[in-house]
1. Going through region 37-56 one residue at a time, which ones are free of Cβ contacts under 8 Å to residues at least 24 places away in the same chain, among the small types (Gly, Ala, Ser) and either closer than 17 Å to Gly67 by Cβ or touching a Pro at 6+ places or on another chain (Cβ under 7 Å) (or both)?
2. Enumerate the helices (runs of 4 or more DSSP H) found wholly within region 30-79, keeping only those where 3 or more residues are modelled with pLDDT of 90 or more and within 12 Å of the chain's Cα centre (by Cα).
3. Considering region 1-36 alone, what residues qualify as being under 17 Å from Ala70 (Cβ atoms), without any contact (Cβ under 8 Å) to a residue 60 or more places away in the chain and among the hydrophobic types (A, V, I, L, M, F, W, C)?
Amino acid sequence: MPDPLSTSFSQQLKAFRGELSYAQFALKIGISKSLAHKLETSGEGTTLKTVYKIACALGCSVEEVLGRDAVRKKRSRRG
């Protein structure tokens, strides 16, 4: 069963990429094209450092890149 946070992250990246190719998006956010593809399709290779780097490149928060709803759900489970 996929992790909801990883799924949300992948969906957010796809939304941020929009009509850009993986190569164009990767250049914009400072990662390789293959990593951009992996992150968007499977979440493979996701690290906090990478998420932070993407957020900085996009001019938004880490929470926005991960998906606010998924972050809230993850926080509420901590108890």
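The values are calculated or read from the model by the stated rules, or taken from the named source; none is laboratory data. Everything numeric here is computed off the predicted structure, so don't read it as measured data. We place every Cβ from the backbone using ideal geometry, glycine too, and count neighbours over all the protein chains shown.
1. Here is the first cut: in region 37-56, the ones free of Cβ contacts under 8 Å to residues at least 24 places away in the same chain are 37-38, 44-45, 47-50, 52, 55-56.
Of the ones still in play, those that are also among the small types (Gly, Ala, Ser) are 45, 55.
Result: Ala55, single match.
2. 33-41, 48-58, 62-66
3. Taking region 1-36 and keeping what is under 17 Å from Ala70 (Cβ atoms), we get 1-16.
So of that shortlist, the ones also without any contact (Cβ under 8 Å) to a residue 60 or more places away in the chain come out as 1-3, 6, 10-16.
Passing the criteria: Met1, Leu13, Ala15, Phe16.
The rows are residues; the columns are (1) surrounded by 15 or more Cβ atoms within 10 Å (Cβ to Cβ); (2) on the phi > 0 side of the Ramachandran plot.
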site	(1), (2)
Leu5	yes, no
Ser10	yes, no
Lys14	no, no
Leu20	no, no
Gly30	no, yes
His37	yes, no
Glu40	yes, no
Gly43	yes, yes
